[in-house]
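Below you'll find the structure, written out as structure tokens, and then a few comments.
The values are calculated or read from the model by the stated rules, or taken from the named source; none is laboratory data. Since we're looking at a predicted model, the values are computed, not measured. Note that we place each Cβ from the backbone using ideal geometry, even for glycine, and neighbour counts take in every protein chain shown. Just so you know, the surface numbers come from the protein's heavy atoms only, side chains and all, with ligands and any DNA or RNA stripped out. Shrake-Rupley method; radii C 1.70, N 1.55, O 1.52, S 1.80 Å.
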Amino acid sequence: MYGADPTEKHPMKGFPQICFIKNTVSNPKIIIGDYTYYDDPEDSEKFERNVLYHYPFSEDKLIIGKFCALARGVKFIMNGANHKVSGFSTYPFQIFGNGWEKVTPQPHEYPFKGDTVVGNDVWIGYESVIMPGIKIGDGAIIAAKSVVVSDVPPYTVVGGNPAKVIKQRFNDEVIKMLLEIAWWNWNIEKISQNLEKIVAADIDALKSVTDI
């Protein structure tokens, strides 16, 4: 047996609040890895409603890796939320037309932070907010109701508003080895056969099943 079927919308029978969202997202600019789930008792299939200001003309992508756990109410603010900030007023006069369109900013005048990228095996807590262009490293943990305004290193716990580093989960040497091992890229048979090592904290045991 090799665990849950990654093609199922709801891998836990009779428990629809858990959803493998790769199977429900339709926007090609939202890219989700296998086994990443969203937990929401209201409608877990509508994860896209939590990706805000992601307009059709926006160039940015939301990329989330494999085996991530996203709690209810997690929000991703995309670059479409940005206003021009180089002038005295940030008010978007131009969107109301009727002569105000004369101050429509040029595309390069809007702040653009790039794609928002969440690594693999990341846990994002209840009602956290991720701001545009943030990069969250593999194995990171975002505490509930955090507002993430800067990049999060791999295997680091952050929390608060704005989110600050609470602790590094493992020492630098172990983190380096975990990123090299990248167990989330193994085939599912190998992952299933080595679950005890993946969920433990013995880096030598995990390393023993790799070629590193």
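Each residue in the range 32-51 was checked for being open to solvent by 50 Å² or more (accessible area, probe 1.4 Å) and touching a strand residue (DSSP E or B) at 6+ places or on another chain (Cβ under 7 Å), and 3 of them qualify.
Residue pairs whose Cβ atoms lie under 9 Å apart, separated by 6 or more positions or on different chains, with the first residue in the range 59-80 and open to solvent by 20 Å² or more (accessible area, probe 1.4 Å) and the second among the polar types (S, T, N, Q) and outside any loop (DSSP other than H, G, I, E, B), are Glu59/Asn79; Lys61/Thr116; Ile63/Thr116; Lys66/Asn185; Lys75/Asn50; Ile77/Thr116. What do you reckon, is Tyr91 in a loop (DSSP other than H, G, I, E, B), touching a Lys or Arg at 6+ places or on another chain (Cβ under 9 Å), aromatic (Phe, Trp, Tyr) and open to solvent by 80 Å² or more (accessible area, probe 1.4 Å)? Spelling it out, it is not the case that Tyr91 is in a loop (DSSP other than H, G, I, E, B), touching a Lys or Arg at 6+ places or on another chain (Cβ under 9 Å), aromatic (Phe, Trp, Tyr) and open to solvent by 80 Å² or more (accessible area, probe 1.4 Å).
Of note, Tyr35 satisfies the criterion of being outside any helix (DSSP H, G or I), closer than 20 Å to Ile142 by Cα and of a type in the set (Phe, Trp, Tyr). Of all the listed residues (Gly139, Gly73, Gly97), the sole one being out of contact with any helix residue (DSSP H, G or I) (no Cβ under 7 Å at 6 or more places or on another chain) and more than 17 Å from Phe47 (Cβ to Cβ) is Gly97.
Yes or no, residue by residue, for (1) over 28 Å from the mean Cα position of the chain (by Cα); (2) at pLDDT 95 or above:
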{"residue": "Gln106", "(1), (2)": "yes, no"}
{"residue": "Tyr110", "(1), (2)": "no, no"}
{"residue": "Thr116", "(1), (2)": "no, yes"}
{"residue": "Ile124", "(1), (2)": "no, yes"}
{"residue": "Met131", "(1), (2)": "no, yes"}
{"residue": "Gly139", "(1), (2)": "no, yes"}
{"residue": "Val148", "(1), (2)": "no, yes"}
{"residue": "Val152", "(1), (2)": "no, yes"}
{"residue": "Tyr155", "(1), (2)": "no, yes"}
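Contact map, the range 45-58: residues that are closer than 21 Å to Glu8 by Cα paired with residues that are surrounded by fewer than 14 Cβ atoms within 10 Å (Cβ to Cβ), Cβ distance under 8 Å, separation 6+ or inter-chain. Pairs shown: Glu48/Ser26; Glu48/Asn27. When Ile124 is tested against (1) open to solvent by 70 Å² or more (accessible area, probe 1.4 Å); (2) out of contact with any Gly (no Cβ under 7 Å at 6 or more places or on another chain); (3) within 22 Å of Ala163 (Cβ to Cβ), just one condition goes unmet, and that condition is (1). Out of the residues in the range 186-203 meeting the condition of being part of a helix (DSSP H, G or I) and exposed (fewer than 12 other Cβ atoms within 10 Å of the Cβ), tell me which one is nearest to the chain's Cα centre (by Cα). If we take residues in the range 186-203 being part of a helix (DSSP H, G or I) and exposed (fewer than 12 other Cβ atoms within 10 Å of the Cβ), then Val199 is nearest to the chain's Cα centre (by Cα).
With respect to being free of Cβ contacts under 8 Å to residues at least 40 places away in the same chain, surrounded by fewer than 19 Cβ atoms within 10 Å (Cβ to Cβ) and touching an Asp or Glu at 6+ places or on another chain (Cβ under 8 Å), Lys145 fits the description. Just to be sure, is Thr116 closer than 30 Å to Ile181 by Cα and of a type in the set (Ser, Thr, Tyr)? Yes: the conditions hold for Thr116.
Checked against (1) touching a residue at least 24 places away in the same chain (Cβ under 8 Å); (2) within 20 Å of Gly133 (Cβ to Cβ); (3) open to solvent by 40 Å² or more (accessible area, probe 1.4 Å), Pro16 passes all but condition (2). Any residue in the range 161-171 that is among the β-branched types (Val, Ile, Thr) and closer than 24 Å to Phe76 by Cα? Yes, there is a match, as at least one residue in the range 161-171 is among the β-branched types (Val, Ile, Thr) and closer than 24 Å to Phe76 by Cα.
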